[in-house]
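Colleague: Have a look at this one.
Where a number appears in this text, it was derived from the coordinates with a stated rule and is not lab data. Just so it is clear, the model here is predicted, and its values are computed rather than measured. Quick reminder, even Gly has a Cβ in these numbers, built from the backbone with ideal geometry, and neighbours come from all protein chains shown.
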Amino acid sequence: MALKNAGKIIAGAAGALTAATAVKAAFFKPEKSEIVDLPEEKVDVLRVQNNLTKAIQIKTVSRDDVDQIDWNEFTKFHDFLEETYPLIHKNMTREHVARASLIYKWEGTNPSLAPIGLLSHQDVVPVTPGTENDWEHPPFSGFNDGEFIWGRGAADMKNHLICVMEAIETLMEEGFRPERDVYLCFGHNEEIVCSEDPGADEIVRILKERGVYFDSVIDEGGALLTVDVPGIVNAYIAGVGMAEKGYCDYKITVTDKGGHTSQAPKHNGLGKLANVIKDLEGHQFDAKMLPFIDGMFENIGKNSTFLGRMLLCNYKHFKPLFKAVMTQIPASACMIRTVTGVSMCSGSPAPNVLPQRATVTANFRPIVGETIADVEKHIRKVVRYKDIEVELIKGKEASSKFASTECAAFKAIDTICKSMFTDRTVVTTPYLVMGGTDSYFYEDICDNVVRFSPFKLAVELLRKTHGTNERCPVDVLPDGVAFFKRYIRIVSKEER
Ligand SMILES: [Zn+2]
């Protein structure tokens with residue numbers, strides 16, 4: 001009888017909750033898209049294509065070992081920019097910083113206002129030796145087949161850099177002058193993870209010394225993705241990176257007696273190491289639903305179908321459920337917790353020798369709010385075998401703060417995307433960047449660092465970044481130039 005009553009109560013409560021969520025979803029209407037009628041922007045469509053091709057042909061490859069870098073290619077790239085963009089080089093000052101980084105400055109009409117920054121990195125990752133022939137068109141050809149421009153850097157991020165340059169050159173041709181100072185900061189070694197001498201760090205050091213504090217900074221990191229989940233949402237999601245995760249590699253070593261395998265004990269160093277790995281993988285970091293997740297679900301939810309709204313707009317009631325589901329899927333788990341990725345192992349140097357030292361290297365991506373030191377504490381806590389050495393190989397902390405969705409840069413991205421891409425709803429949403437960008441260093445001299453490239457790219461194409469057949473669709477380039485023209489017009493104003 002008691003059970004029957006309990007069942008009735010639970011069923012009644014569930015019914016009431018469902019009814020409440022349905023009512024809420026019904027009133028949680030999609031936002032009236034604030035489409036502003038922005039004037040057409042002139043774009044030289046052929047010029048941007050040709051200049052991206054030329055930019056790709058210059059092999060600005062960065063490498064861990066600086067002696068292996070062909071610095072002449074960076075000089076060539078600087079010369080190419082100078083020849084290609086005469087007005088920029090007439091109206092902006094250009095400084096060479098660190099080994100091959102650049103700072104451009106365009107003086108605004110009101111130098112008392114805080115300036116804005118547009119970042120791009122000039123370097124690209126190398127082509128993996130032996131894979132050159134797998135490319136449909138050679139990786140440094142910049143070949144334009146009318147649909148795509150092929151080559152290393154086509155998507156990361158010479159497309160972005162060239163669109164910024166084209167935008168400014170064209171604005172200058174049209175006689176535009178910004179109110180705020182506009183800086184272009186082009187690092188030369190963004191692709192080197194935890195580099196010892198990042199160009200971006202040196203740029204920031206110099207700017208800081210001069211008392212430059214940016215109103216906003218925009219860099220790579222987010223993109224415009226077509227998301228079509230039948231029955232839930234069909235929209236362009238403009239993901240704007242408002243912060244980025246950290247990075248660290250830890251090497252964990254187990255020492256043992258070693259000896260001959262003919263007299264091997266039941267467990268040797270490698271066996272003990274296997275338990276270390278099991279403990280690391282079996283004890284993931286706690287998941288945290290940071291506030292940007294609320295914003296993300298709310299924004300997508302508002303623009304989804306009734307069913308989508310039922311789920312997403314009531315997300316706060318179902319937070320534990322969302323958290324549980326998200327931690328099961330690697331693509332969403334990385335947004336809510338520090339990720340552990342065990343990647344390299346070593347034992348003894350020969351098949352008949354027992355290891356004296358067995359090591360495992362694990363890569364961790366700390367979420368905002370957790371530090372490299374927290375990772376070491378976690379390792380020491382979860383690994384039950386305590387006789388281990390834990391060594392930090394290299395690391396970079398996560399962002400210390402999130403940019404605000406109220407900042408001019410975020411609002412401008414939202415307005416421009418909604419006005420430019422009108423064939424489906426645009427949902428602009430904050431998110432956390434999983435990798436690293438040069439903009440990380442700018443958090444020291446700017447509160448509003450946003451990461452976004454205005455290119456509509458299919459997920460399959462995004463996956464080619466850093467890989468074979470990296471390429472950029474030619475039809476996204478004019479959008480890129482128009483986007484940056486509009487962005488500079490809006491964000492460089494005093495009042496936005
Ligand atoms: Zn990049």
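Colleague: So, in Å, what gap is there between the alpha-carbon centers of segment 212-269 and segment 448-496?
Modeller: So the two Cα centres are separated by 23 Å.
Colleague: Now for a different question. Would you list, by chain and number, the lysines whose Cα falls below 27 Å from the Cα of LYS266, excluding same-chain residues fewer than 8 positions away?
Modeller: Cα-Cα hits under 27 Å: LYS251, LYS257, LYS278, LYS381, LYS386.
Colleague: Another question about this same structure. Residue by residue through segment 178-191, which ³J(HN,Hα) values in whole Hz follow from phi under the Karplus form 6.51 cos²θ - 1.76 cosθ + 1.60 (θ = phi - 60°), with glycine and proline marked x?
Modeller: For segment 178-191, the Karplus curve yields x, 7, 8, 5, 10, 10, 10, 10, 10, x, 10, 9, 4, 6 Hz.
Colleague: I would also like to ask the following. Given Cα pairs under 8 Å that are at least 6 residues apart, what percent is the relative contact order of the chain?
Modeller: 25 percent
Colleague: Tell me, what is the percent relative contact order of segment 243-396, built from C-alpha pairs under 8 Å that lie six or more residues apart?
Modeller: That works out to 47 percent.
Colleague: Around GLU470, which amide H atoms from residues at least 5 apart in sequence, or from another chain, sit under 5 Å from its own amide H, with H modelled in the peptide plane?
Modeller: Those lying under 5 Å, H to H, from GLU470 are GLY151.
Colleague: Moving on to the next point. My understanding is that a pair violates if its Cα-Cα distance is over 22 Å; which of LYS245/LYS323; LYS411/LYS485; LYS411/LYS493; LYS59/LYS90; LYS158/LYS208 do that in this structure?
Modeller: Flagged as over cut-off: LYS59/LYS90; LYS158/LYS208.
Colleague: Between GLU82 and ARG424, what is the label-point separation in nm under the 7 Å Cα-to-beta-carbon projection?
Modeller: Placing both labels 7 Å beyond Cα along the Cβ direction yields 4.6 nm.
Colleague: So how much slack lies between GLU495 and ASP70, counting 0.36 nm per residue of separation and subtracting their Cα-Cα distance, in nm?
Modeller: 148.6 nm is the gain from fully extending GLU495 to ASP70.
Colleague: OK, next. Enumerate by residue number the trypsin sites (Lys or Arg not before Pro) in segment 241-307 meeting two conditions: DSSP loop (anything except H, G, I, E, B), and at most 16 other Cβ atoms within 10 Å of the site's Cβ.
Modeller: Here the sparse-neighbourhood loop sites are LYS257, LYS266, LYS288.
Colleague: Given the peptides 326-337, 137-148, 186-197, 383-394, arrange them by the average over their residues of other C-beta atoms within 10 Å, most packed first.
Modeller: 186-197, 137-148, 326-337, 383-394
Colleague: Hey, any idea what Rg/Rh is for the chain, computing Rh the Kirkwood way over Cα pairs?
Modeller: That ratio is 1.02, to two decimals.
Colleague: Please list 3J(HN,Hα) in residue order for segment 226-238, calculated via the Karplus relation 6.51 cos²θ - 1.76 cosθ + 1.60 where θ = phi - 60°; whole Hz, with x for glycine and proline.
Modeller: Going residue by residue, I get 8, 10, 10, 9, x, x, 10, 8, 9, 7, 8, 9, 8 Hz, with x marking Gly and Pro.
Colleague: Any chance you could run the full-extension gain for HIS267 through LEU321? It's 0.36 nm times the residue separation minus the Cα-Cα distance, nm to one decimal.
Modeller: That works out to 15.4 nm of additional length.
Colleague: Let me ask another. Using the beta-carbon distance between ASP286 and GLU389 and R0 = 35 Å, what value does 1/(1 + (r/R0)^6) give for FRET efficiency, to the nearest 0.05?
Modeller: 0.85
Colleague: How large is the helix-only mean residue ellipticity at 222 nm for the chain, computed as the sum of -39500 (n - 2.57) over DSSP H runs with n ≥ 4, divided by its residue count, in deg cm²/dmol to the nearest 500?
Modeller: -11000 deg cm²/dmol
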